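S.K.: So that we are looking at the same thing, I have put the structure below in structure tokens.
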Amino acid sequence: MLPQSLGSKIALAAGALLLALLPLFASPYYVELGSYALIAAMLALSLQLLVGATGIVSLGHAAFYGLAAYTVYFLTPDGAPRSIFVTLPLAVLASGLLALLVGALSLRTRGFFLLMVTLAFGQMVFFVFHDTKIGGGTDGAFLTRPIIALFDWQLPLTRRQRPIAVYYVALVLLVAMYLFLVMLLRSLFGRVLEGIRVNEHRMAALGYSTYRYKLAAFVVAGMLAGVAGHMWAMHRGFVNPELVGWHRSAEALLMILLGGLGTLHGPILGALAFTGLGEIAQLLTERKLLVEGAVVLFVVLALPQGLSGLRLPRILTRKAEPAGRLEPEPHG
Amino acid sequence: MADAGTASAILATEGLTRRFGGLVAVRDVSLTLNRGELHAVIGPNGAGKTTLVGLLAGELRPSAGRIVLDGADIGGVPAWKRTHLGIGRSFQRTNIFPTLPALENVRLAAQAVARGANLLRPAASDTKLVETAQAALARVGLSGVAARVAGTLSNGEQRQLEIAMTLAAHPKVLLLDEPLAGMGPEEGQRLTGLLKDLVREHAILLIEHDMDFVFAVADRMTVMAEGTVLAQGRPDDIRANREVQDAYLGGHA
Ligand SMILES: Nc1ncnc2c1ncn2[C@@H]1O[C@H](COP(=O)(O)OP(=O)(O)OP(=O)(O)O)[C@@H](O)[C@H]1O
Ligand SMILES: [Mg+2]
């Protein structure tokens, strides 16, 4: 799950640096696309805490993502902009509370049933926003974007600078989320999640209340999805019910699959590749979804560990190691 | 340690019964486990031995009857909480974390009962848990393979790992479901020594098919067949019991 060799750590740092340099040479259009990819990466990464780390597959994860975006909408009813330092914590709190409710009820089930129960919960949230007027209904609604401000100070931004600032906020949050998850998975708590993924029954026999640990992971994952959803609101300035729909959850799962189930950087790779793929497919053909589907299918069949299973040549990495879930962490 | 004759019951069952549909896997079983005593349960395949362990460990709910630990009825306590009450079990069918290192398998067992551990602390920095795990591995003779991924260990080693995981939680009641099955003769001997050592501080319920082994280590025995208790007593009494001989021991005695 975690980067081990020096080579992989350098590769990750180089990737982050490359992303940080993108606004310096990309056109405004590609900066916006980049922001969108980073947000998708955050959503996929948050879901990886459940799927790859704990072995819980949820189809309702977008509910926490979308609710955070809607929270930003609710926080700016009068059109006066609010500081990100207010909107972000509140959005994350809202997502966390919903995750606590959904998780508490759905984690009583496992496997296929869990998939269906989380799907049902996600769709309930979808229909709340779709069928009622509280969030603008089917058409969605524009919102006032959060600003980067603290007390009396505000970061002054021109119209052209603003998307770039949003890009960097998203990048910083993504890197922070990644490092937070590295810390979490290395902790005693993370080891319990790993144990649950490998053999939940044995964990219960050893004395762990696996339900409580899974619920804690579910809430943390929901809150991290909230970070992503909040950034979406800040990026687009718009919310609609699609944000909470199961399509978005399934897309995040696809990104994880594309990038690799066994690593933390996999979902980030997957999200960037998936977004790029969508863009290329749109240029080449009208059947974007078909091309996307075919490529994901090909990658998953050809690379069982996803894109993160791709390795640099041996000479570059000093010591090539087998990747993926079977790889033992240096425990103890 | 209890003196002979004044052994104190830690765990007791009264009229314990478990049905699976129409099948009564365990029927009206009453037994006691005393500190400092190894209580062996024997019986042919399907006698209900594993089901009995499942009931004691909390994995299965009793259909009727009581389970009393230190004077309190624990029949409704979930499995994970029973570990914290001091009941540890090993599984008949090896039940480990095959993709994790042997040491981590045991460290997880130790962590489960560690009190006041800061869960957000890096696991690698918690040396106390690692030391506990290493000690448990040493006890079963697995120190040399601590770093190996558990799934790559030999069958016998995995059986020993199973025992080490149970020991790492420092239970006061040990429920061992056929620990010998799959072990080689050398490993078996080590286990005999270990059990004799352990029994001083623990109450042990041992399920085992190997009669030489059972008669060598047991202080008391319960013979089960088709869910019911056929006989209970000291090994010598069991050996002499005609009914048991006919039903189970065959020419052994
Ligand atoms: N979960 C279950 N559902 C239905 N029947 C079960 C279940 N578990 C056990 N049984 C049945 O209960 C009876 C007792 O099984 P159990 O595993 O306790 O026997 P055992 O004495 O441990 O046998 P062995 O020596 O083969 O391990 C068997 O007939 C078995 O088929
Ligand atoms: Mg059995």
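S.K.: If the requirement is being within 14 Å of chain B (Cβ to nearest Cβ) and either β-branched (Val, Ile, Thr) or under 19 Å from residue A:121 (Cβ atoms) (or both), which of these qualifies: A:198, A:244, A:227, A:239?
M.R.: Details: A:244 fails: within 14 Å of chain B (Cβ to nearest Cβ); A:227 fails: within 14 Å of chain B (Cβ to nearest Cβ); A:239 fails: within 14 Å of chain B (Cβ to nearest Cβ).
One residue alone meets the criteria, A:198.
S.K.: From B:83, B:50, which residue is within 30 Å of residue B:243 (Cβ to Cβ) and among the polar types (S, T, N, Q)?
M.R.: Values: B:83 fails: within 30 Å of residue B:243 (Cβ to Cβ).
B:50 is the lone residue from the list that is within 30 Å of residue B:243 (Cβ to Cβ) and among the polar types (S, T, N, Q).
S.K.: Do we have residue A:179 as over 18 Å from residue A:122 (Cβ atoms), part of a helix (DSSP H, G or I), of a type in the set (A, V, I, L, M) and more than 12 Å from every other protein chain (Cβ to nearest Cβ) here?
M.R.: On the way: over 18 Å from residue A:122 (Cβ atoms): yes; part of a helix (DSSP H, G or I): yes; of a type in the set (A, V, I, L, M): yes; more than 12 Å from every other protein chain (Cβ to nearest Cβ): yes.
Yes.
S.K.: Still on this structure, I have one more. Which ranges mark the helices (runs of 4 or more DSSP H) fully within the stretch B:58-153 that have 1 or more residues being away from chain A (no Cβ under 11 Å)? So that I can check it myself, show each step before the final result.
M.R.: Values: elements: B:79-85, B:102-113, B:127-140.
Per the criteria, B:127-140.
S.K.: Within the stretch B:160-235, considering only strands (runs of 3 or more DSSP E) that don't extend past its boundaries, which have at least 3 residues that are more than 16 Å from ligand 2 (Cβ to nearest atom)? Reasoning before the result, please.
M.R.: On the way: elements: B:173-177, B:203-207, B:220-225, B:228-233.
The strands (runs of 3 or more DSSP E) meeting that bar are B:228-233.
S.K.: Among (1) surrounded by 17 or more Cβ atoms within 10 Å (Cβ to Cβ); (2) modelled with pLDDT of 90 or more; (3) more than 23 Å from residue A:63 (Cα to Cα), there is one condition residue A:264 misses while meeting the rest; what is its number?
M.R.: Residue A:264 satisfies all of (1) surrounded by 17 or more Cβ atoms within 10 Å (Cβ to Cβ); (2) modelled with pLDDT of 90 or more; (3) more than 23 Å from residue A:63 (Cα to Cα) except (3).
S.K.: Considering only the stretch B:36-57, state which residues are more than 15 Å from ligand 1 (Cβ to nearest atom) and in a loop (DSSP other than H, G, I, E, B). Can you show your working first?
M.R.: So in the stretch B:36-57, the residues more than 15 Å from ligand 1 (Cβ to nearest atom) come out as B:36-39.
Residues satisfying the conditions are B:36, B:37.
S.K.: Would you pick out the residues in the stretch B:40-61 that are more than 16 Å from ligand 2 (Cβ to nearest atom) and surrounded by fewer than 19 Cβ atoms within 10 Å (Cβ to Cβ)?
M.R.: The one that is more than 16 Å from ligand 2 (Cβ to nearest atom) and surrounded by fewer than 19 Cβ atoms within 10 Å (Cβ to Cβ): B:61.
S.K.: Only one of B:229, B:223 is out of contact with any Pro (no Cβ under 9 Å at 6 or more places or on another chain), away from chain A (no Cβ under 14 Å) and surrounded by fewer than 22 Cβ atoms within 10 Å (Cβ to Cβ); which? Can you show your working first?
M.R.: Details: B:223 fails: surrounded by fewer than 22 Cβ atoms within 10 Å (Cβ to Cβ).
Residue meeting the stated conditions: B:229.
S.K.: Where in the stretch A:1-105 are there helices (runs of 4 or more DSSP H), lying fully within it, with 1 or more residues that are within 13 Å of the chain's Cα centre (by Cα) and touching a residue at least 60 places away in the same chain (Cβ under 8 Å)? So that I can check it myself, show each step before the final result.
M.R.: Values: elements: A:6-25, A:28-48, A:62-75.
The qualifying helices (runs of 4 or more DSSP H) are A:28-48, A:62-75.
S.K.: Quick check: anything in the stretch A:78-101 in contact with a strand residue (DSSP E or B) (Cβ under 7 Å, 6 or more places away or on another chain), hydrophobic (A, V, I, L, M, F, W, C), loosely packed, with under 15 Cβ neighbours inside 10 Å and within 23 Å of residue A:226 (Cα to Cα)?
M.R.: Looking through the stretch A:78-101, at least one residue is in contact with a strand residue (DSSP E or B) (Cβ under 7 Å, 6 or more places away or on another chain), hydrophobic (A, V, I, L, M, F, W, C), loosely packed, with under 15 Cβ neighbours inside 10 Å and within 23 Å of residue A:226 (Cα to Cα).
Matching residues to (1) in contact (Cβ under 8 Å) with a residue 40 or more places away in the chain; (2) assigned by TED's automatic domain parsing to the domain that holds residue B:42:
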site: B:91; (1), (2): yes, no
site: B:107; (1), (2): yes, no
site: B:114; (1), (2): no, no
site: B:117; (1), (2): no, no
site: B:124; (1), (2): no, no
site: B:176; (1), (2): yes, yes
site: B:184; (1), (2): no, yes
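Rundown of residues vs (1) surrounded by fewer than 21 Cβ atoms within 10 Å (Cβ to Cβ); (2) small (Gly, Ala, Ser); (3) more than 21 Å from the chain's Cα centre (by Cα), yes/no style:
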{"residue": "B:108", "(1), (2), (3)": "no, no, no"}
{"residue": "B:112", "(1), (2), (3)": "no, yes, no"}
{"residue": "B:124", "(1), (2), (3)": "yes, yes, yes"}
{"residue": "B:128", "(1), (2), (3)": "yes, no, yes"}
{"residue": "B:140", "(1), (2), (3)": "no, no, no"}
{"residue": "B:143", "(1), (2), (3)": "yes, yes, yes"}
{"residue": "B:146", "(1), (2), (3)": "no, yes, yes"}
{"residue": "B:176", "(1), (2), (3)": "no, no, no"}
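S.K.: Give the residues of the stretch B:10-28 that are of a type in the set (Gly, Ala, Ser) and either part of a strand (DSSP E or B) or in contact (Cβ under 8 Å) with a residue 60 or more places away in the chain (or both), sorted by residue number.
M.R.: Just the residues of the stretch B:10-28 that are of a type in the set (Gly, Ala, Ser), to begin with: B:12, B:15, B:21-22, B:25.
B:12, B:15, B:25 - these are the residues of the stretch B:10-28 that are of a type in the set (Gly, Ala, Ser) and either part of a strand (DSSP E or B) or in contact (Cβ under 8 Å) with a residue 60 or more places away in the chain (or both).
S.K.: Can you name the condition, by its number, that residue A:152 falls short on among (1) acidic (Asp, Glu); (2) more than 25 Å from the chain's Cα centre (by Cα); (3) facing chain B (nearest Cβ under 10 Å)?
M.R.: Failing condition for residue A:152: (3).
The values are calculated or read from the model by the stated rules, or taken from the named source; none is laboratory data. Not measured: the values here are computed from a predicted model. For neighbour counting, all protein chains shown are included, and Cβ atoms are generated from backbone atoms with ideal geometry for every residue, glycine included.
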